[in-house]
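Please read the structure below before turning to the comments.
Laboratory data are not the source of any read-out in this text; all were calculated from the coordinates shown. Worth saying up front: this structure is predicted, and the values here are computed from it rather than measured. Every residue, glycine among them, receives a Cβ derived from its backbone with ideal geometry; neighbour counts consider all protein chains shown.
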Amino acid sequence: FAGLAAELIGKGFALWRPHIPRLAGLIRRLLTLALYAEFHGGTRSKNIDGSETQGVSVAAAAQRALLEIGAFQPMLFISTVGEEMLRPDMSDEYHRTSIMAMVSLVKKRPLSLARHLSTVVEAVIKSLDPSKPLLRKGCLQASTKALHELVKRFPVVAFHQRTQRFAVGTAGKVIIIYDLRTATKWRLLEGHKGMISALAFAPDGNSLASYSIEEKCVKTWQAGSTGWMGGILGLSAKCIKTIAVKKIDGPIVPQDALLKCRIQWMSPKQLKLRRENGKLSTIDI
């Protein structure tokens, strides 16, 4: 009856939540069920009519249940799944299943993660720690897919291919830049006083542009450097320039930032900004 139980949770988690005392344990059980049903095939479950469902159907029910739990209680889901990604006593397949559960939530319920992106990024990047080569090798493909989906779905996440730097704007109004080669924090960019709405790396990877709806401004940052200058900067980096943009009338809707805002480098001295009303403007820097 595992598949039936997972299906019921997937269709009405809010109803069942008061009766689930150990939700983290349920998440782990669903991850295991999704893994063994899909990859090992032998898991059977009885349907309401008494017939048996096998393999992939049980996995699908477990995945739907995980999706509903993640949307309803994202922080608990992220922390639990993040821990499961790194468990040394579990297989590469289990680690990948955990990462793909996060990917599914990013793809299908992005609004539920909008305030927790930095926690999601931190969890995924930990699986790429080069000091744990077997874990990194086993998770690399799934983790890369997760980070790609984050960049694709959220304008407040950015990636620079050549330098392997990955940036995310946090709810605390700080931009964190990671070095994916070392799976460590590369820079912390502090200076925004309002919600960060969009990020973009310059083509050379050494500068970053950010846009804030609340502040009505664009900032450019020294995003990274090498050699002796990098040692002087440490984790902190400075804002190079702040450019004010015109106020847009009407209330700020967070979904508008998620769906519409984008910023792009056109040249070292010019940015293209798509604002929350969908209109494009050129920013000279």
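Pull out the extension gain between K132 and N206, defined as 0.36 nm times the separation in residues minus the alpha carbon to alpha carbon distance; nm, one decimal.
Full extension of this stretch gives 23.8 nm more.
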In a Gaussian network model over the chain where Cα atoms closer than 10 Å are linked, find which of G191, G25, G70 has the largest mean-square fluctuation. G25
In sequence order, what are the phi-derived ³J(HN,Hα) couplings for segment 195-210 according to the Karplus relation 6.51 cos²θ - 1.76 cosθ + 1.60 with θ = phi - 60°, rounded to whole Hz, with x for glycine and proline? 4, 7, 10, 7, 9, 7, 7, 5, x, 7, x, 8, 10, 9, 10, 9
The answer for R109, listing residues at least 5 apart or on another chain whose modeled amide H is closer than 5 Å to its amide H, is none
Rounded, prolate or oblate: which fits segment 131-255 when a ≥ b ≥ c are the square roots of the eigenvalues of the alpha-carbon gyration tensor, with rounded for a/c under 1.5 and prolate only if a/b beats b/c? oblate
How far, in nm, would the chain grow between L235 and L4 when pulled straight, counting 0.36 nm per residue and subtracting the alpha carbon separation? 78.2 nm
Whichever aspartates and glutamates have a C-alpha closer than 18 Å to that of K185, once near sequence neighbours (fewer than 8 apart) are set aside: E122, D129
Need one word for segment 67-165: rounded, prolate or oblate. Basis is the Cα gyration tensor (sqrt eigenvalues a ≥ b ≥ c); a/c below 1.5 gives rounded, then a/b vs b/c decides. oblate
Take H19 and Q264, extend 7 Å from each Cα along the Cα→Cβ direction, and tell me the distance between the two endpoints in nm. 5.1
Placing +1 on each Lys and Arg Cβ and -1 on each Asp and Glu Cβ in the chain, then taking the dipole about the Cα centre, the residue among A198, F154, A61 whose Cα reaches farthest towards the positive end is A198
Helices from the chain with mean Kyte-Doolittle at least 1.6 and a Cα length along the axis of 27 Å or more, per DSSP H: which? none
Subset of K145/K246; K126/K238; K152/K269; K107/K241; K108/K193; K132/K241 violating a 32 Å alpha-carbon distance limit: K145/K246; K107/K241; K132/K241
For the chain, built as a Gaussian network whose Cα springs stay under 10 Å, the top-fluctuating residue of L273, L134, L258: L134
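Expressed as a rounded percentage, what relative contact order does the chain have, with Cα pairs under 8 Å and six or more residues apart?
Answer for the chain is 11 percent.
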Enumerate the amide H contacts of A171 below 5 Å, restricted to partners 5 or more residues apart or on another chain; note that Pro and chain-start residues carry no placed amide H. S118
Which one of S127, L271, G10 is farthest out on the positive end of the charge dipole of the chain, using unit charges on Cβ (Lys, Arg +1; Asp, Glu -1) and the Cα centre as origin? L271
Roughly how many debye, to the nearest 20, is the charge dipole of the chain about its Cα centre, given +1 on each Lys and Arg Cβ, -1 on each Asp and Glu Cβ, and no other charges? 780
Taking the alpha-carbon centre of each part, the distance from segment 88-140 to segment 1-15 in Å is 24
